[in-house]
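Asker: Handing you a structure now.
The values are calculated or read from the model by the stated rules, or taken from the named source; none is laboratory data. In this text the structure is predicted, and so the values were computed from the model without any measurement. In this analysis, Cβ positions are derived from the backbone assuming ideal geometry, glycine residues included, and neighbour counts consider all displayed protein chains.
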Amino acid sequence: MPVDGNAKGSHDGPVAFRATAECPARGLLPVAAFHPHLSAMPHTIVIFGASGDLTSRKLVPALYNLMRSGALPDHTRIVGFSRTPMTDDEWRTSLRETTAKHCDCGPLDEPSWQTFAATIHYQPGDIGRPEDFAVLETRLRQLEGGGEADRVYYLATAPQFYEPVVSSLGAHGMAVQDHGARRIVVEKPFGTDLTTAQSLNAHIHTVFRESQVFRIDHYLGKESVQNILALRFANTIFEPIWNRRYVDHVQITVAEEVPVGRRGGYYDTAGVLRDMFQNHLLQLLMVTAMEAPARFNASAVRNEKVKVLEAIRPLLPEQIAAAGVRGQYRDYRHEPGVPADSRTATFGAIRLEVDNWRWQGVPFYLRSGKAMSCRTTQIVIGFRQPPLELFANDTPMSAREANRLVIQIQPAEGIQLHFHTKVPGAGMHLRLTDLEFSYSREFAGRLPEAYEPLLLDVMEGDASLFARADEVEKSWEIIDPFVQAWASPDLAPPDLYENGDWGPMSSFEWMASQGRTWFDMCPVLT
């Protein structure tokens with residue numbers, strides 16, 4: 001089936017929130033200003049895997065925040081589906097406890113919660129029993145009063161259940177759009193390699209058209225990621241220097257302070273490349289490197305993102321070793337579920353080249369790891385040194401750090417520009433200083449959690465911030481050679497690093513061999 005990806009309406013920017021007693025705001029536009037195309041038709045959100053961690057920690061708190069801020073459309077229903085036997089009231093009680101724990105906007109407001117709880121329903125059922133979907137469809141039609149309603153099917157299940165859910169939805173006509181839109185949200189991982197991703201996409205397309213499919217990566221829902229587009233395409237001061245003439249290299253780091261912990265059994269089969277690179281890191285690379293779309297809609301934005309992936313230089317097997325470094329934190333083999341002889345990488349750094357007119361010759365360094373010095377996600381644009389040395393007597397250029405722009409995605413969202421200034425006193429002694437923008441200082445109140453704008457976009461049918469089928473498959477084409485090379489028994493075991501380090505020493509040596517250094521800061525904004 002051809003990939004269309006067209007969405008209803010256009011996405012005009014990040015979601016802003018009305019001020020409430022619990023979430024004061026300053027200088028924010030009404031929510032409706034950012035989602036003018038959100039259908040007035042009733043909406044039904046069906047969550048498969050309703051008793052799981054994702055539902056209680058992320059999805060329901062996000063929906064509650066949307067309702068409380070006035071962003072959730074009227075007549076929205078939330079229907080949970082899982083094997084755990086529960087009534088509507090029992091699930092509501094369970095969700096009240098978990099939402100109070102995980103909601104990031106203070107104590108639950110009782111009137112707001114009661115209003116929200118009235119929208120929550122539960123249907124017990126087994127994904128492995130197709131006949132249970134017939135019962136689910138009957139229940140949904142009852143809740144919808146037999147009328148029209150837009151539906152969102154959210155797959156908050158383990159990946160092995162994606163295909164059975166899709167098959168049963170198709171078998172019972174639940175993807176047909178005769179009585180409203182039907183959309184399906186697929187959580188990562190989207191396959192474990194190119195072959196499984198292609199198989200999953202093909203299976204989904206037997207039931208849903210591509211325009212109905214929303215492959216979610218919560219990183220793209222973060223305000224600071226969306227702000228990269230505003231930084232580049234809403235200003236004239238950055239875009240003219242956002243190219244090979246002025247940029248020396250780009251570093252994209254996703255560092256996690258926590259170790260693998262209880263996820264050892266899963267993580268040892270995935271490793272850092274599958275866990276972080278194929279999705280989060282490549283998404284950040286695409287947003288950083290893409291050209292300006294002709295219009296800000298799903299097709300135009302995703303076309304430009306895919307062009308970036310198509311421009312990444314393919315590597316031969318013999319080139320992979322020199323294009324990356326892998327590591328494993330010293331205590332990893334003692335984690336529950338991890339084999340004592342595991343060679344799985346918990347740290348990785350790779351170098352990619354984007355061969356187009358804008359970026360040819362500018363290396364993109366992608367880095368991620370567990371049990372590192374701190375939790376931070378940042379994009380560092382490293383600029384070239386000036387073409388002429390003027391101040392060598394006091395501060396030789398070889399001793400000076402080049403200018404850089406640091407975009408901090410988390411934990412403290414913001415932007416910092418590093419540039420040289422003269423130190424007061426005699427001579428021309430220079431020092432690197434900075435200008436910075438911080439979301440927390442500029443905007444009062446809470447930032448929307450990443451799932452909040454993404455859920456609204458699904459309900460609107462705007463796929464701008466979701467991965468398209470060809471985008472997912474191209475990402476695997478890029479990462480698969482590294483996965484295969486790093487899994488080779490002929491390769492030496494990954495270099496060890498201590499918990500709390502920035503990765504193995506070989507990572508720093510690898511960068512030094514290319515005349516560059518990692519920018520390590522925990523984090524630049526606090």
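Asker: Yes or no: the range 320-334 includes at least one residue that is assigned to a helix (DSSP H, G or I), in the same structural domain as Trp502 (by TED's automatic domain parsing) and surrounded by 20 or more Cβ atoms within 10 Å (Cβ to Cβ).
Answerer: Within the range 320-334 (the criterion being assigned to a helix (DSSP H, G or I), in the same structural domain as Trp502 (by TED's automatic domain parsing) and surrounded by 20 or more Cβ atoms within 10 Å (Cβ to Cβ)), the answer is yes, since at least one residue qualifies.
Asker: Is it true that Ala450 is surrounded by 16 or more Cβ atoms within 10 Å (Cβ to Cβ), in contact (Cβ under 8 Å) with a residue 40 or more places away in the chain, farther than 20 Å from Val380 by Cβ and among the small types (Gly, Ala, Ser)?
Answerer: Numbers: surrounded by 16 or more Cβ atoms within 10 Å (Cβ to Cβ): yes; in contact (Cβ under 8 Å) with a residue 40 or more places away in the chain: yes; farther than 20 Å from Val380 by Cβ: yes; among the small types (Gly, Ala, Ser): yes.
For Ala450, the condition - surrounded by 16 or more Cβ atoms within 10 Å (Cβ to Cβ), in contact (Cβ under 8 Å) with a residue 40 or more places away in the chain, farther than 20 Å from Val380 by Cβ and among the small types (Gly, Ala, Ser) - is met.
Asker: Take Leu315 and tell me if it is among the hydrophobic types (A, V, I, L, M, F, W, C) and within 20 Å of the chain's Cα centre (by Cα). It would help to see each step written out before you state the result.
Answerer: Numbers: among the hydrophobic types (A, V, I, L, M, F, W, C): yes; within 20 Å of the chain's Cα centre (by Cα): no.
No, not satisfied.
Asker: At positive phi, part of a loop (DSSP other than H, G, I, E, B) and surrounded by 14 or more Cβ atoms within 10 Å (Cβ to Cβ): is that true of Gly503 in this structure? Explain how you work it out, then say what you get.
Answerer: On the way: at positive phi: yes; part of a loop (DSSP other than H, G, I, E, B): yes; surrounded by 14 or more Cβ atoms within 10 Å (Cβ to Cβ): yes.
Against the criterion (at positive phi, part of a loop (DSSP other than H, G, I, E, B) and surrounded by 14 or more Cβ atoms within 10 Å (Cβ to Cβ)), Gly503 qualifies.
Asker: Further question: Can you tell which of Glu477, Glu509 is assigned to a helix (DSSP H, G or I) and farther than 15 Å from Ala349 by Cα? Even if it seems obvious, please write down each step before you answer.
Answerer: Working: Glu509 fails: farther than 15 Å from Ala349 by Cα.
That would be Glu477, the only listed residue that is assigned to a helix (DSSP H, G or I) and farther than 15 Å from Ala349 by Cα.
Asker: Test Pro111 against the criterion of being at negative phi and part of a helix (DSSP H, G or I), and give yes or no.
Answerer: Details: at negative phi: yes; part of a helix (DSSP H, G or I): yes.
Against the criterion (at negative phi and part of a helix (DSSP H, G or I)), Pro111 qualifies.
Asker: What tally of residues in the range 148-167 results from selecting those that are touching a Lys or Arg at 6+ places or on another chain (Cβ under 9 Å) and either more than 25 Å from Asp217 (Cβ to Cβ) or without any contact (Cβ under 8 Å) to a residue 12 or more places away in the chain (or both)?
Answerer: 1
Asker: Looking at the range 114-230, what strands (runs of 3 or more DSSP E) fall wholly within it and have at least 3 residues that are under 26 Å from the mean Cα position of the chain (by Cα) and at negative phi?
Answerer: Details: elements: 120-124, 150-155, 182-186, 213-215.
Strands (runs of 3 or more DSSP E) meeting the threshold: 150-155, 182-186, 213-215.
Asker: Among what's in the range 97-113 and is surrounded by 15 or more Cβ atoms within 10 Å (Cβ to Cβ) and more than 17 Å from Leu72 (Cβ to Cβ), pick the residue that is nearest to the chain's Cα centre (by Cα).
Answerer: By that ranking, first place goes to His102.
Asker: Same structure again: Just to verify a result, which residue in the range 49-79, among those that are assigned to a helix (DSSP H, G or I) and either basic (Lys, Arg) or not assigned by TED's automatic domain parsing to the domain that holds Pro124 (or both), is farthest from Gly461 (Cα to Cα)? Walk me through it before giving the result.
Answerer: Residues of the range 49-79 assigned to a helix (DSSP H, G or I): 53-68.
Filter again for either basic (Lys, Arg) or not assigned by TED's automatic domain parsing to the domain that holds Pro124 (or both), leaving 57-58, 68.
Working: Arg57: 24, Lys58: 20, Arg68: 22 Å.
For the range 49-79, the residue satisfying everything is Arg57.
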